[in-house]
Amino acid sequence: MLAKAYGVQLGTIGLLTTALFVTHLVVQIPGGRLVDQRGARTLGMLALVAVSLGNVIALGVESFGVGVAGRLVAGLGTGLAFVAGSEYVRATVGTASSQGLYGAAGVGGGGLAIAVVPLTVPALGWRAPYVTALVFALAVLACLPFAQRDRGRTEARRAAQGSVREIVRDRRLYPLAIAHTASFGLSVIVGSWAVSLLQHDGYGRRLAGVVAALTLLGGIVTRPLGGRILQRRPETTSALLVGSMLLGAAGTFLLLPDIALVVRIAGAALLGLAAGLPFAAAFTGAQAIRRDAPALAVGFVNSCATLLILVGAPLVGLTFSLPSHGRAGFVVIAVLWALACLALRPSKLAVLRANLGADA
């Protein structure tokens, strides 16, 4: 649809997603700093204004260049909105379970878009993705002034002591960044290329798309579940994260061979379920460790995963030109899942457990 409207090849349309991810990445850390200083609800509203503006720009003219410009602006909003949302949950509810529910809502939003946008194409044409995104952004923006105030204004002034350099150099955050980067970043890359892998093996695009979607949608279940486990049994954090990495590696390996479809479906589902488990630990843990700059810590952890997606997705794409047709890239991903376990040993997470215990 968009490729035809813009007069470009289908593959070029992927640059619209790349454009959004670039600014989404760029704004994570400075956005976290702003959230710590000004409060989550205020910056959340500003983020939704940016998302709305980006979509208004994109739907104004039937031009690929204008579409890219709109996505760049919208990416600033999505990056800031993610950090603000996570901090708002911490400041208003403050539990690992609520952080997991927040993560599930993010995954569910993507699934909702996949379901709704095609239904609006007959009426809206190429503008469908932009108009629907604009409507949802404006609807949430209209509700935010009536939402509960976060403790941002007074708490953030006290909290905004940590500098960007201190956060980036804080080794206590590294295991959490690795856990989130492996679980979220690698699952997104697998989901992005699983369709191509399955199509090469003879499956139709729709069926391949359904299987690939399982690599992300499993998080709707396990992001809240991981938060619940973390809240009730913080001493199991290391086992939870290590188990997630090993299950993710196993799921990726099951997707690889051209064998029975049911096995590959099981692999995609296993990967998706595993990928959701570390979400609450990564962000609740980062906020607990860096109480002086909780949103900035979240921005750092999430930017690591976003950077991996931006760099790793094209590299895996290059492996589809090899005789293995992408399988080499998937093998590397499975190995990275497994290697992440080395950073998640109990000794590496002692500080996290101590901080979570202090919140109990």
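Please tell me if Arg223 is modelled with pLDDT of 95 or more, in a helix (DSSP H, G or I) and among the charged types (D, E, K, R).
Values: modelled with pLDDT of 95 or more: yes; in a helix (DSSP H, G or I): yes; among the charged types (D, E, K, R): yes.
It is true that Arg223 is modelled with pLDDT of 95 or more, in a helix (DSSP H, G or I) and among the charged types (D, E, K, R).
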For Ala139, which of the numbered conditions (1) under 19 Å from the mean Cα position of the chain (by Cα); (2) at pLDDT 95 or above; (3) surrounded by fewer than 16 Cβ atoms within 10 Å (Cβ to Cβ) fails to hold? (1)
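Of Val68, Val22, Val8, which residue is within 22 Å of Ala313 (Cα to Cα) and assigned to a loop (DSSP other than H, G, I, E, B)?
Details: Val68 fails: assigned to a loop (DSSP other than H, G, I, E, B); Val22 fails: assigned to a loop (DSSP other than H, G, I, E, B).
Answer to the check: Val8.
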Just to be sure before I move on: is Pro257 part of a helix (DSSP H, G or I) and either open to solvent by less than 50 Å² (accessible area, probe 1.4 Å) or more than 25 Å from Gly329 (Cβ to Cβ) (or both) in the structure I sent? no
Subset tally (residues that are farther than 26 Å from Ala282 by Cα, part of a helix (DSSP H, G or I) and without any contact (Cβ under 8 Å) to a residue 60 or more places away in the chain) for the range 292-326: 3
Among the residues of the range 283-292, is there at least one that is over 19 Å from Leu214 (Cβ atoms), of a type in the set (Phe, Trp, Tyr) and over 13 Å from the mean Cα position of the chain (by Cα)? no
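Tally the residues that are in a loop (DSSP other than H, G, I, E, B) and at pLDDT 90 or above, restricting the search to the range 75-114.
So in the range 75-114, the residues in a loop (DSSP other than H, G, I, E, B) come out as 93-95.
Now narrow it down to the ones that are at pLDDT 90 or above: 93, 95.
Residues that pass the stated criteria total 2.
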Kindly establish whether Gly267 is in a helix (DSSP H, G or I) and over 23 Å from Arg33 (Cβ atoms). yes
For the range 34-75, which residues satisfy the criterion of being open to solvent by 60 Å² or more (accessible area, probe 1.4 Å) and more than 27 Å from Lys4 (Cα to Cα)? Leu34, Gln37, Arg38, Thr42, Leu46, Val49
Out of (1) open to solvent by less than 90 Å² (accessible area, probe 1.4 Å); (2) at pLDDT 90 or above, what's the single condition that is false for Phe146? (1)
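Let's see how each residue does on (1) loosely packed, with under 15 Cβ neighbours inside 10 Å; (2) among the aromatic types (Phe, Trp, Tyr); (3) touching a Cys at 6+ places or on another chain (Cβ under 6 Å):
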site	(1), (2), (3)
Ala104	no, no, no
Ala123	yes, no, no
Ala177	no, no, yes
Arg205	yes, no, no
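The values are calculated or read from the model by the stated rules, or taken from the named source; none is laboratory data. None of the values given here were measured: they were computed from a predicted structure. Ideal geometry is used to build each Cβ from the backbone, glycine not excepted, and the neighbour counts take in all protein chains shown. Remember, those area values only see protein heavy atoms, side chains included, never the ligands or the DNA or RNA. Shrake-Rupley method; radii C 1.70, N 1.55, O 1.52, S 1.80 Å.
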